[in-house]
Amino acid sequence: MGGNSIDLLINGEAAFARRYENLETATFVLVKTFIWTDDAAGRKMADTIAERARAGIPVIVQYDVKGNIGSVADVQDMLSRASTAHPVGEPKVIADMRAAGVTIVATNSPGRPMELKEWVENSKRFFHSPGEAVLRSLESLVLFDHVDHDKYFVTGHEGGEVRAILGGLNIASEYAFGGIPNVKDPETGRGGWRDTDIEIQGPTALLVVDEFFEDIGRHQGEPASKPLRTAIYERIDATIHAGDVNLRLVTNNPLFGEREHMDRVFRILIQATPKKEHIFFSTPYFAPSKELRKAMHDHMDSGGTISVLTNSSDSSDITVITDAGRYSARELMKTDRFVLYERKPRPDLGEQMLHQKVASFGTHGPMAIGSANLDAQSFVHNGEAVVVVQDEKLRKDFDAMVAVDIDPSRARRIPRSELNAPSMLERLRQFSAGELAWYWL
């Protein structure tokens, strides 16, 4: 879709600064996040959004209930605010926004209409087709593993303009402090992570608004209230063109019939890349499917090269993924056409862990920026959103960003000898993570 303008928000410092800048003049606010932590950055954002709601601006926040449960203490905290209207309660930072007039939509909450409807329909199915009911019960396990992992930060502005920020950043200190040296949250002790967002204006931003409301309908079992939607859409001018950039918004909702959508998108982009040209992926969790690995092999067999930047065991928050990543890299590194880089933790730069999900295809080809990792969670289980864009100016900024990210001061190139060196026990562990446990990683 044409008529767009774009801006690369290279790290958390830039991405959160743009969020606050946009909030100052917003005529409406739509936020969707996987995680909203009750820490310094989370409370600051909540307070700012609550102020906009108190000023009479329509504000809607979608947050994933599962994404906000990291411990038993989190569950206890949520349940302490349980009520008839909200049986599982909610975090204090969310409850405070609700009290200020923000419309809150909790996704993936236990007992949501989708799960109740699934249970009722499958119970009926059991009486006339027990085999189908058992099969559906197994398929429905994805309900328990599914989360809404996509992130949108959308604001309306005078004249009907819409600005939409997408990417990998949740609302928490580790995301907001990305790129800020030697800063830690006073309560959690977390410093910044390496992450990237993109801001778009123009017709594609309107598609983000549509997707935001469709997600509400999916999880509530019915559309968002008509007055609420009207209050947003009446502030939008659908005829505005902000530039000449072509964008494609790709969303993945596996619970609603779009399973492995992201996997197919990346395979198509690889297959469309000219032979002998280079492909780059940056992903915190590198556990590609067999189909994606085959597409990578095919590109390298045609003379192309591929490099992947991912976390090391020192920088990752899920070390089993590092095992899966090394297994996949060993399978791909048959020749020097595949290069694996692993992140060096740089808390002194506000870049402890790599969390960005970006890719580029060919010397002058498209880029993909969004929330999707190269793993089964993003391909099979989760709701995700990725923007595919081809723009010469953005590509220059993107390539400059990548050059810094793979610099030896920030990443280490892993030689084939190191991948082949592990003991039999380590290889078995890596194989188990990359093959046997892949579906649940």
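The numbers here are math on the coordinates, done by the rules we state, and not lab data. On a predicted model such as this, the values are computed, not experimentally measured, just so you know. Neighbour counts run over all protein chains shown; Cβ positions are idealised from the backbone, glycine included.
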Taking r as the C-beta separation of Asp47 and Asp210 and R0 as 25 Å, the FRET efficiency to the nearest 0.05 is 0.30
Nitroxide proxy distance, nm - points 7 Å out along Cα→Cβ at Lys276 and Ala73 = 5.9 nm
In nm², what is the average projected area of the convex hull enclosing the Cα atoms of the stretch 247-440?
-> 10.6 nm²
Roughly speaking, what is the stretch gain from Ser432 to Glu291, that is 0.36 nm per residue apart minus the C-alpha to C-alpha distance, in nm to one decimal?
-> 49.0 nm
Out of Pro181, Pro254, Pro203, any idea which swings most in a Gaussian network model of the chain, alpha carbons joined below 10 Å?
-> Pro181
Subtracting the Cα-Cα distance from 0.36 nm times the residue separation, let me have the gained length for Asn420 to Asn246 in nm, one decimal.
-> 58.4 nm
Once you put a point 7 Å from the Cα of Ala400 and another 7 Å from the Cα of Asn182, both along the Cβ direction, what distance in nm separates them?
-> 2.7 nm
Pairs to check: Lys92/Lys226; Lys66/Lys92; Lys32/Lys393; Lys344/Lys396. Give those whose C-alpha atoms are more than 26 Å from each other in this structure.
-> Lys92/Lys226; Lys32/Lys393
Using only the alpha-carbon atoms of the chain, report the extent along each of the three principal axes, biggest first, to the nearest angstrom.
-> 60, 57, 44
Let me know the whole percent of all Cα-Cα pairs from the stretch 388-441 that are separated by more than 12 Å.
-> 76 percent
Stretched fully, the stretch from Ser409 through Tyr439 gains (0.36 nm per residue minus C-alpha distance, one decimal, in nm) 7.4 nm
For an R0 of 30 angstrom, estimate the FRET efficiency from the Cβ-Cβ distance between Arg81 and Met1 and round to the nearest 0.05.
-> 0.15
